[in-house]
1. Any residue at all in region B:11-22 that is within 23 Å of residue A:153 (Cβ to Cβ) and of a type in the set (D, E, K, R)?
2. Need the failing condition index for residue B:243 against (1) at pLDDT 65 or above; (2) in a strand (DSSP E or B); (3) out of contact with any Ser or Thr (no Cβ under 6 Å at 6 or more places or on another chain), just the number.
3. Give the number of residues within region B:31-68 that are surrounded by fewer than 16 Cβ atoms within 10 Å (Cβ to Cβ), at pLDDT 85 or above and facing chain A (nearest Cβ under 7 Å).
4. Determine which member of the set A:44, A:53 is on the phi < 0 side of the Ramachandran plot, surrounded by 14 or more Cβ atoms within 10 Å (Cβ to Cβ), not acidic (Asp, Glu) and not in a helix (DSSP H, G or I).
5. Taking the residues in region B:16-30 that are of a type in the set (Asp, Glu) and surrounded by 13 or more Cβ atoms within 10 Å (Cβ to Cβ) as candidates, determine which candidate is farthest from residue A:101 (Cα to Cα).
6. Among the listed residues A:101, A:32, which satisfies the condition of being modelled with pLDDT of 80 or more, part of a helix (DSSP H, G or I), more than 26 Å from residue A:154 (Cα to Cα) and within 14 Å of chain B (Cβ to nearest Cβ)?
7. List pairs: first residue in region A:105-116 and away from every other protein chain (no Cβ under 12 Å), second residue crowded, with 23+ Cβ neighbours inside 10 Å anywhere in the structure, Cβ distance under 7 angstrom, at least six positions apart or on different chains.
8. Can you tell me which residues in region A:27-41 are loosely packed, with under 12 Cβ neighbours inside 10 Å and either farther than 16 Å from residue A:3 by Cα or of a type in the set (D, E, K, R) (or both)?
Amino acid sequence: MDFQTAYRELYPALHRFALRLSGDPDVADDVVQEAFTRLIDQDLPLEEARPWLFVVVGNLFRDRVRNRERRARLLAAWPPVPETPEAPDVSVERAERVARVRQALDELSDRDRRMLLMREEGFRYKEIAEALGVNPSSVGALVARALKRFVRAYGTLDEADDSSR
Amino acid sequence: MIHLVDADLQAWMDEELDPGDRIRVAEHLASCADCRDELAELRGAADLFRDSLVVHDEVARMRGRSGAARIRTARRLPRWAGRAAAVTLLVGGAAAAAIVPGSPLRGLIVGNGPAEIGQPVEIVATELPEAPGASISVRLSAGELRVRVREFPGGTRIRIMLIERPVGVASLPHGDASARFVVAAGLLEVVGPGSDGVALPGDGVVLQLPRRMSLGVVEVDGHIAARVSGGRIEAQRQVSDSGDGVVIEVGG
């Protein structure tokens, strides 16, 4: 496999996938770079490299979340560091909507989130099944259920948001 | 009748069925309204997911690089600012409780919540000087979007357009006040004021409805004036057909 070709052809979709998983461009940059670094050691044709990279990015992000949660537990006794202020001129409406999308995505299980995002990237059921270790014949039902969960989470979050104000 | 399961419908939508199953599902869908509704719901969920990702990606990228990038200043209340309370969203009976102090947007959009089919969600236009009782309400009823236009003066033109965007727009005459809403999977949600930069042509009421929604009805003073189905508008007493939509008149 020509690495440069793989990088050029697969980077945009892989970065989009990572950005949607993490919501953070810096994290997306890191995990995609790490995945491509690992690809160098593999000897995969392009068509196999694509699902392989998505699996690696998903796993790298999952590991980051676990590490972050572990660090958060260790730092729980310390006062929080103020967050970087959000760009002050993002429209309130848009920022609220994106925050709800992010929360709804985060409420999905890791498998559901990866499944929906891989589907959005055009992966076939067979590829999704292989990447996530599920039966190909169950992917349709799992996708439908995950989509409904997303809609429900999106709606429930908004109701909770309103009632808490 | 044995209905299709979600796995069949999702695979149909994603073109993952083998030829035999595809024929079986197509034949069933042709004769079963319940399964068509279920399919529409799944499609709506997929659309909402996809549309949400588009917004997410755009803002996530702009926010990126440790907050170094900045987004251009947005006009928060383009047309509503001078017409406080011109358009109000009512969610059930708890609308007033949902006003959030300090948020100009929330002060005008009371509620801003999604609702399941059958819940009384309305966008109500008030304080229109020439027609104090005039209102536009948008609600989901039995799986269809029902737009009610009430008590506008006779001769008021209502332009109904189908748009490719997933976000619909209901606008008062002269574009003085408008609201945008998303319809998907049994969910009607007002996403904000204004038309989001979309030109609202001409005077009169403008209704821009997502072409992809499955069913829609426009009522004028209690009478069905137009139906939207299969990406087409069928209007009663149509005044004109402008190519991108139809125009009807109150009292016409």
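The values are calculated or read from the model by the stated rules, or taken from the named source; none is laboratory data. In this text the structure is predicted, and so the values were computed from the model without any measurement. Heads up, the Cβs are rebuilt from the backbone with ideal geometry, glycines too, and the neighbour counts pull from every protein chain shown.
1. For region B:11-22, residues within 23 Å of residue A:153 (Cβ to Cβ) and of a type in the set (D, E, K, R): present.
2. Every condition holds for residue B:243 apart from (2).
3. 1
4. Details: A:53 fails: not in a helix (DSSP H, G or I).
Result: A:44 is the single residue among A:44, A:53 that is on the phi < 0 side of the Ramachandran plot, surrounded by 14 or more Cβ atoms within 10 Å (Cβ to Cβ), not acidic (Asp, Glu) and not in a helix (DSSP H, G or I).
5. Looking only at region B:16-30, we keep the residues that are of a type in the set (Asp, Glu), and these are B:16, B:18, B:21, B:27.
Now drop any that are not surrounded by 13 or more Cβ atoms within 10 Å (Cβ to Cβ), which leaves B:16, B:21.
Numbers: B:16: 27, B:21: 34 Å.
Residue satisfying both the conditions and the ranking: B:21.
6. Numbers: A:101 fails: more than 26 Å from residue A:154 (Cα to Cα).
The conditions single out A:32.
7. Between residues of region A:105-116 that are away from every other protein chain (no Cβ under 12 Å) and residues that are crowded, with 23+ Cβ neighbours inside 10 Å, the close pairs are A:114/A:58.
8. Of all residues in region A:27-41, those loosely packed, with under 12 Cβ neighbours inside 10 Å come to A:37, A:40-41.
Listed by number, the list holds a single entry, A:41.
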